[in-house]
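First comes the structure, then the notes that go with it.
Every read-out reported here was derived from the displayed coordinates using simple, explicitly stated rules and does not represent laboratory data. These figures come from a predicted structure and were not determined experimentally. In this analysis, Cβ positions are derived from the backbone assuming ideal geometry, glycine residues included, and neighbour counts consider all displayed protein chains.
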Amino acid sequence: MITRGYYIGQIIDEFTSISSQVRSRAGLHLYDLNIHLENFFKDVLNITYGLKLRNLNEERSNNPGLDLGDESEGIAFQISSTKTSAKVEKTLQKSLPQKDKFSKIYILILGEKQTSYTLKAELTAPFNFTKEDNILDIEDILKKVMLLPIKSLQTLYDYVSHEVARIKIELEIPDKNGKYQTNIDQFIEQIPKEQFLD
């Protein structure tokens with residue numbers, strides 16, 4: 001019988017792997033990863049927090065400030081690999097016109113958040129935004145995952161197991177020759193070469 005520990009261990013391993021790839025890409029100034037991860041984390045957050053988030057960028061390309069939103073709960077998320085105070089303030093500034101729709105905003109850092117943030121009160125006050133509660137990273141998500149009921153944990157495990165291979169391929173960085181580590185040739189059977197005999 002599969003236990004909670006097994007599910008949690010597998011989810012932690014996969015999230016750690018994704019976080020590592022995000023750090024590598026960010027270190028090379030490749031910031032297009034959000035395109036690949038918004039929908040993945042939309043479903044992760046929906047299962048983990050019991051929300052009905054939808055991708056706001058699907059109806060309006062590059063929705064200002066916010067990526068995911070649950071209008072019924074008034075909650076929205078910005079998914080970012082940039083963890084600076086400036087990025088947080090920019091998100092809050094851009095989100096002000098949507099305050100009536102989304103009164104609670106979270107920023108999910110794909111990696112580790114900073115140990116401290118300096119934020120302007122005029123930007124945080126409209127959302128009751130605090131750096132302690134509203135800036136999340138992968139570790140914060142995993143802490144919440146560890147408290148999930150077994151049924152939700154299994155649902156999350158099934159989802160992550162199914163999607164993580166695609167995510168890892170999307171986040172791959174090509175080598176110096178422009179080749180990717182994962183290649184379709186690894187997954188298909190080669191056509192045998194004809195040999196003519198006497």
Between Thr84 and Lys52, take the C-beta separation as r, use R0 = 30 Å, and let me know the FRET efficiency to the nearest 0.05.
-> 0.50
Could you sort out which of Lys52/Lys83; Lys94/Lys131; Lys101/Lys144; Lys42/Lys151 sit more than 23 Å apart by Cα distance in this structure?
-> Lys52/Lys83; Lys101/Lys144
Toy charge model, Lys and Arg Cβ at +1, Asp and Glu Cβ at -1: segment 35-111 dipole around Cα centroid in debye, rounded to 20, equals 260
At the level of C-alpha centres, the distance separating segment 82-96 and segment 100-154, in angstrom, is 13
Ordering of 119-130, 4-15 by packing [mean C-beta count within 10 Å, highest first] | 4-15, 119-130
